[in-house]
Structure formats: C-alpha cells, structure tokens
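Everything on this sheet refers to the single structure shown next.
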Ligand code: AMP
C-alpha cells in the first residue's frame with residue numbers, strides 16, 4: 001500500500017494531508033494522482049461520491065497550477081450548488097499551505113456581483129455549476145481562455161440534469177490543448193459521448 005508521499009505530492013500538500021488526518025490514499029487517489037502529476041493527459045475515472053475523488057483530482061491540480069500567477073488555470077464543473085460548495089471547501093483545505101491560492105465558487109442563487117468581485121481578485125481555480133458559469137462567461141465576468149486543467153465532476157449527473165449544452169458552450173471558451181479529467185459514478189453512452197467530444201488524449 002502506498003502513502004501520499006510515494007504518489008509524488010509535494011511537502012506543502014503533504015502537510016495539509018497530515019492536518020486533515022488522511023493516512024492512506026483511497027483507491028481512486030492511488031490510481032489517479034501519480035498519472036495526473038506525471039503528465040498532462042486527459043483522464044476518465046469511474047468513481048462514486050465518498051471514494052475520495054475530490055482529492056484525486058484536487059491535489060494534482062493544486063500541485064500543477066502556479067499560485068503566484070493570478071490567471072485562472074483550473075476549472076471544476078459540478079452539477080449542484082451543494083457539491084460546488086463542498087468541492088470549494090475541500091480545495092481550500094487541501095491547498096491551505098499553497099501561498100497566494102484563491103479558489104472561488106460560482107453557482108446560481110447567490111449574488112453574481114459578489115462572485116464577479118471574487119473572480120476579479122484573481123482566482124487560479126474556479127469551481128462552478130454550469131448554468132451560472134455560462135452566464136458569467138457570457139457577461140465577460142470570467143475568462144477561461146488560459147485554463148490548463150478542466151474537471152467534469154459527476155459527469156453523469158450533469159448530463160441527467162440537462163447541462164450538456166451549457167458544458168459545450170462553456171468549454172468552447174477554453175483552450176483546445178487543456179487536460180480534461182472526467183469523473184463519473186456511472187458510464188452510460190452519453191458520458192462516453194462527452195468524453196469523445198471533449199477529450200483528445
Ligand atoms: P469525496 O469522495 O471526494 O467526496 O470524499 C469523501 C470524504 O472523504 C471527504 O470528506 C474527504 O475529506 C475524505 N477523504 C478523502 N480522501 C481521504 C483519505 N485518503 N483518507 C481519509 N479520508 C479521506
């Protein structure tokens with residue numbers, strides 16, 4: 001069984017892991033983290049909620065972004081406001097020793113102006129629900145033209161909730177050559193269709 005250090009994580013992230021009391025990586029973490037750290041690749045992962053999937057994509061993203069830059073480098077799309085807030089919270093905990101890190105949550109039902117203000121301060125990582133994200137891109141409040149990493153979390157749920165068009169529209173504003181990491185509890189035909197559509201590697 002490996003530990004987090006053997007997966008290739010740096011000290012500032014290992015310190016946060018110690019603080020959180022995580023002792024051993026879960027299966028999805030053990031499998032995904034080394035691959036995502038080692039190369040810039042797309043990834044499809046079959047993982048349910050509660051398996052530690054947030055950390056499986058969260059730690060590699062935190063290690064790979066440049067927190068000294070204010071440019072938005074990572075985007076995480078999730079189906080619901082609750083999950084969006086939960087992921088944001090986890091990312092802040094995982095990245096507590098990453099100096100200069102700003103993770104911003106974007107979701108509907110809250111003030112768009114407040115969210116725009118947080119983005120303006122420079123968010124290296126945005127965690128968003130598709131509807132509000134599309135809206136803010138359309139209003140010129142968010143620029144994802146330089147993102148390097150995009151996570152589609154609970155992809156099956158996002159499709160069930162009818163977000164296919166929104167996701168397509170959002171990703172049309174992102175670079176072709178980013179890495180896309182897709183996580184889904186189930187892998188119906190629709191999910192493999194979006195994997196084929198949005199992933200190259
Ligand atoms: P998730 O599947 O990402 O929603 O994570 C489920 C819960 O497990 C979250 O509260 C995490 O903080 C926690 N967690 C994630 N990875 C580990 C780990 N390796 N050891 C113990 N708890 C973990």
Listed residues 29, 48; which is loosely packed, with under 13 Cβ neighbours inside 10 Å and either within 11 Å of the ligand (Cβ to nearest atom) or not in a helix (DSSP H, G or I) (or both)? 48
For residue 175, indicate whether it is in contact with a strand residue (DSSP E or B) (Cβ under 9 Å, 6 or more places away or on another chain) and more than 17 Å from residue 67 (Cα to Cα). no
Looking at residue 88, is it at negative phi, within 14 Å of the ligand (Cβ to nearest atom), out of contact with any helix residue (DSSP H, G or I) (no Cβ under 7 Å at 6 or more places or on another chain) and without any contact (Cβ under 8 Å) to a residue 60 or more places away in the chain? yes
Tell me which residues, restricted to region 32-45, are assigned to a loop (DSSP other than H, G, I, E, B) and either within 11 Å of the ligand (Cβ to nearest atom) or under 22 Å from residue 156 (Cβ atoms) (or both). 41, 42
Answer with yes or no whether residue 23 is outside any loop (DSSP other than H, G, I, E, B), out of contact with any helix residue (DSSP H, G or I) (no Cβ under 6 Å at 6 or more places or on another chain), within 10 Å of the ligand (Cβ to nearest atom) and over 23 Å from residue 104 (Cβ atoms). no
Considering each residue of region 93-119, count those that are within 16 Å of the ligand (Cβ to nearest atom) and touching a strand residue (DSSP E or B) at 6+ places or on another chain (Cβ under 6 Å), and give that number. 2
Report whether or not residue 66 is farther than 20 Å from residue 198 by Cα, away from the ligand (no atom under 16 Å from the Cβ) and assigned to a helix (DSSP H, G or I). no
Considering residues that are buried (at least 20 other Cβ atoms within 10 Å of the Cβ) and in contact with a strand residue (DSSP E or B) (Cβ under 8 Å, 6 or more places away or on another chain), the number found within region 72-90 is 10
Please work out if residue 15 is within 11 Å of the ligand (Cβ to nearest atom), touching a residue at least 60 places away in the same chain (Cβ under 8 Å) and surrounded by fewer than 20 Cβ atoms within 10 Å (Cβ to Cβ). no
Would you say residue 58 is surrounded by fewer than 18 Cβ atoms within 10 Å (Cβ to Cβ), modelled with pLDDT of 95 or more and either assigned to a helix (DSSP H, G or I) or over 16 Å from the mean Cα position of the chain (by Cα) (or both)? no
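The values are calculated or read from the model by the stated rules, or taken from the named source; none is laboratory data. Note that this is a predicted model, so its numbers are computed, not measured. All Cβ positions, glycine included, derive from the backbone under ideal geometry; neighbour counts span all protein chains shown.
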